[in-house]
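The values are calculated or read from the model by the stated rules, or taken from the named source; none is laboratory data. Since the model is a prediction, treat every value here as computed from it, not as a measurement. Here the Cβ is made from the backbone with ideal geometry for all residues, glycine too, and neighbour counts use every protein chain on show. Only protein heavy atoms, including side chains, enter the accessible area calculation; ligands, DNA and RNA are left aside. Shrake-Rupley method; radii C 1.70, N 1.55, O 1.52, S 1.80 Å.
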Amino acid sequence: MTASRQALASDSWTLPINFPASYFAPSPLTSFAFRRKIATPTYNQRTPLTLRVHIQCQCSSVTVNGNHSTIFSHSSAMLFSLFQEIGFNEGDTEALLDTHSALRFMSFESIHSRIHSLQSIGVSGLSLSRLIVKRPDVLTAKEIEALLYFLINNDDLDLNGRIEPVQLERLLNATDARFLVGLERKVKLLVQYGIPREKLVHVLNTVNLTKALCLKSFEEVERMLHFLNRFGGVSLILRRPAILNYDLDAQLAPRIKFLLELSGGDEKATATILHKLPFVLAYSVDHLKDHVEFLNSYAGLSYQEIFRIILVYPNVFSASRKRKLHPRIDFLMQCGLNSQNIFKFLIKAPLFLSLSFEENLARKLVFLVKIGYENRTRELAMAMGAVTRTSCKNLQENIGVFLNYGLTCEDILEMSKKHPQVLQYNHDSLEEKMDYLIEEMGREVRELLSFPAFLGYKLDGRIKHRYEVKKKILGEGMSINKLLSVSAARFSMKSKKKHPVNVVDSQSEEVEQKREDYVIILDK
């Protein structure tokens, strides 16, 4: 052995001149040495000298810088205690520090402050520990710090504590920290475009924050809001905030364009459809085309007629083409309805296309057959259209009311063929009108067979008022058809002609009442 090697071997702390100074730095693993007994390194004469010196320096870093190590040990103990408070045991904490070494170089105060901020926005307990395990960078990333500051210090938007913790946990779990930059500007942009501040929390709690705001640039969000303004903008977003999740160029714009072309370029009508059923924007263009083409090719409806039906009932797109549209159109055709009849039917009874067959239509069909309707007839189709607007229970109650007042199934059939709506009226209202007809007006219940529409007029607003007015002139034998079917303007005009003196009498009574009121005031 040379003299230099002998000298170096005799003193393990004697380093070569060119030995890296970095070996004097405390090892990142030193923090665990205070929780575990430091193992004495073993090596033999064949171990390279520089490696032996390096091992000794690393393991002896505690004694080289004693004051620093004491502080480091104290900080490490506090860190373990902090993580223990949020549900981590010693092994969990060590594993976390091993997988996310950036935590070792952060001060205890910084980590403690970050955890406190997360708890302040509602992410705490199991949710917090679960989040840290999955995304430990929530404790170190500067972008997270900026986000937390915005969520806590936003007096102008009043968001603190109002965004659901689950929503925030989902945001922090699913979003890379770099995409959180600029979220504050995008949220304020929603307000600038008209989202009321009191509704902003509802929007933020409903959307997928990652898709709606974080993964879109500020310019993309602004372009989407500007585009939606043509079709209701704020009201549309408030009705279905999830619209903001969609991509403008790949999803929203093509779907709205399809509806707009179907409408013949009518933006107002297209906006009406979107307002009635914002969920229509969840359907792909292929899905929308499939339904429209079916109604056009199979039912023989024109595109203009199809749009009018959609304008009345956008949920046409929600009905399965194979399970609902096809068999329902088949039924109408079997009942003898042509394309024009089908259009008129669907304008009045579009629910027929989407109601459950087993739980709704089949049961109503049984009731209609029982009172005498024949299968595959036009009358049956019209009756089915009427009963789509009422429940099975109400239909059954209606039939029971008619039977209780002495009418037969044949009578009910005759009435409903003339006026199918009698099957859909509320059974309580139906009973009140029949009582008034019989007890107050002194009529026979069978008069309804010739004028079943009587049951469709409002009792207080029309039937009672007109009967009381005409009773003084025509007596009780007046025709209920003529009494109720004439327009309000014509009825009023006829009443004035019959009673020209009533106006004067009314004015005289009013003057007399005012005179009496004036006398009372003077007496006081």
- [ ] Sort out which residues of the stretch 344-354 are hydrophobic (A, V, I, L, M, F, W, C) and crowded, with 18+ Cβ neighbours inside 10 Å, and write them in order of number.
- [x] F345, L346, A349, F352, L353
Task: Qualifying position, being surrounded by fewer than 16 Cβ atoms within 10 Å (Cβ to Cβ) and either of a type in the set (V, I, T) or modelled with pLDDT under 95 (or both), among S69, S61, S101, S76 - done: S101
Task: Exclusive hit being in contact with a Gly (Cβ under 7 Å, 6 or more places away or on another chain), open to solvent by 50 Å² or more (accessible area, probe 1.4 Å) and in a loop (DSSP other than H, G, I, E, B), set G122, G161 - done: G161
- [ ] Kindly indicate whether any position in the stretch 303-321 is under 23 Å from V221 (Cα atoms) and either open to solvent by 40 Å² or more (accessible area, probe 1.4 Å) or in contact with a Leu (Cβ under 7 Å, 6 or more places away or on another chain) (or both).
- [x] no
Open item on the list: Can you report the number of residues in the stretch 229-242 which are out of contact with any Leu (no Cβ under 6 Å at 6 or more places or on another chain) and either farther than 16 Å from P196 by Cα or open to solvent by less than 20 Å² (accessible area, probe 1.4 Å) (or both)?
Closed with: 5
Open item on the list: Suppose we filter the stretch 215-253 for residues that are more than 13 Å from V203 (Cβ to Cβ) and either of a type in the set (G, A, S) or in contact with a Pro (Cβ under 6 Å, 6 or more places away or on another chain) (or both); how many remain?
Closed with: 4
Open item on the list: Looking for something open to solvent by less than 50 Å² (accessible area, probe 1.4 Å), under 26 Å from Q396 (Cβ atoms) and within 27 Å of the chain's Cα centre (by Cα) - is there at least one such residue anywhere in the stretch 324-343?
Closed with: yes
Open item on the list: List the residue pairs whose Cβ atoms are under 7 Å apart, where the first residue sits in the stretch 269-280 and is in contact (Cβ under 8 Å) with a residue 24 or more places away in the chain and part of a helix (DSSP H, G or I), the second is among the hydrophobic types (A, V, I, L, M, F, W, C) and open to solvent by 20 Å² or more (accessible area, probe 1.4 Å), and the two are 6 or more positions apart or on different chains.
Closed with: A269/L311; T270/L260; T272/L311; I273/L311
Open item on the list: Give me the residue from the stretch 354-396 that is of a type in the set (D, E, K, R) and assigned to a loop (DSSP other than H, G, I, E, B) and, out of that set, nearest to the chain's Cα centre (by Cα).
Closed with: R389
TODO: Test each condition in (1) open to solvent by 60 Å² or more (accessible area, probe 1.4 Å); (2) under 27 Å from the mean Cα position of the chain (by Cα); (3) modelled with pLDDT under 95 for E109 and report the one that comes out false.
DONE: (2)
- [ ] Identify all residues within the stretch 185-217 that are assigned to a helix (DSSP H, G or I) and open to solvent by 40 Å² or more (accessible area, probe 1.4 Å); write none if there are none.
- [x] R185, K188, Q192, R197, E198, K199, H202, T206, K211
